[in-house]
1. What figure in square angstrom, to the nearest 10, would you give for the accessible area of ARG140 with a 1.4 Å probe?
2. With a 1.4 Å probe and every protein chain left in place, work out the accessible area per residue of region 1-140 in Å², rounded to a whole number.
3. What spacing in nm lies between the two simple spin-label points modelled at GLU105 and SER143, each 7 Å away from Cα in the Cβ direction?
4. Under 37 °C and 0.692 mPa s, how fast does region 61-102 diffuse according to Stokes-Einstein, given a Kirkwood radius computed over C-alpha pairs? Answer in µm²/s, whole number.
5. Of the listed peptides 178-184, 47-53, what is their order by residue-averaged count of other C-beta atoms within 10 Å, with the highest listed first?
6. So what's the net charge close to LEU89: Lys and Arg +1, Asp and Glu -1, counting the other residues with Cβ under 13 Å from its Cβ?
7. Do the alpha carbons of any pairs in LYS61/LYS155; LYS76/LYS155; LYS18/LYS84; LYS18/LYS159; LYS28/LYS84; LYS61/LYS181 sit beyond 27 Å of each other, and which pairs?
8. What distance in nm lies between label points placed 7 Å from Cα along the C-beta direction at ARG95 and LEU53?
Amino acid sequence: MESKTKEIVNRCWWVNLKNPLYVEYHDKEWGVPVHSDKKLFEMLLLEFFQAGLSWECVLNKREGFREAFDGFDVEKISRYDDEKCNSLLSAPIIRNRLKIKASVENSRVFLQIQKEFGSFDAYIWGFSNGQVIRESCDIRTMSPLSDEISKDLKKRGMKFVGSTVIYAYLQSIGVYDAHLKGCDCCKD
């Protein structure tokens, strides 16, 4: 018996319906709980590159990021040297020298967290006791939880992980379910 996927007609207002990448991201990824460390790292890297820009800009360059950053392989990225970082300044990504350098440092911190907690998944989901938090569907950019995680990640040495970036990250990996009322993905 085939399972039928519910067709999504009504979406959160912020989705650019003219961009198929954005529509697919909203419908199939955003707010869906992620427990794979590889995917958690990918989303963290993309979110901190997004700082100061639109998510759509990052999403449109996602495949370029995937190619430039060795398929988001955290081990490989942790070993990037200055030559590799400089080569990324000509890749089809957001070419910000500070963010490229931060990707290397953040990957090293990510690996330290994996070692300490057994997985990054255990670390990040531990802040919500493994539970998805249903947002009240208001438009905000940070929360006490994102403040707490941001502070901890900064203390560990990560860069570009302010509370706003972490709040968006928590939404992207499904710790927060923030689909708006009226959206077919909203579980209310």
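1. Counting only protein heavy atoms, ARG140 exposes about 90 Å² to solvent.
2. Dividing the accessible area of region 1-140 by its residue count gives 57 Å².
3. It is 2.8 nm.
4. Translational diffusion coefficient: 321 µm²/s.
5. In descending order of packing, they fall as 47-53, 178-184.
6. Counting the neighbours of LEU89, the net charge comes to +3.
7. LYS61/LYS155; LYS18/LYS84; LYS18/LYS159; LYS28/LYS84; LYS61/LYS181
8. 1.2 nm
The values are calculated or read from the model by the stated rules, or taken from the named source; none is laboratory data. Predicted model, so just to flag it, every value in this text is computed and none were measured. As a convention, Cβ positions derive from the backbone with ideal geometry for all residues, glycine included, and neighbour counts pool all protein chains shown. Please note that ligands, DNA and RNA were not included when accessible areas were found on the heavy atoms of the full protein model with its side chains. Shrake-Rupley method; radii C 1.70, N 1.55, O 1.52, S 1.80 Å.
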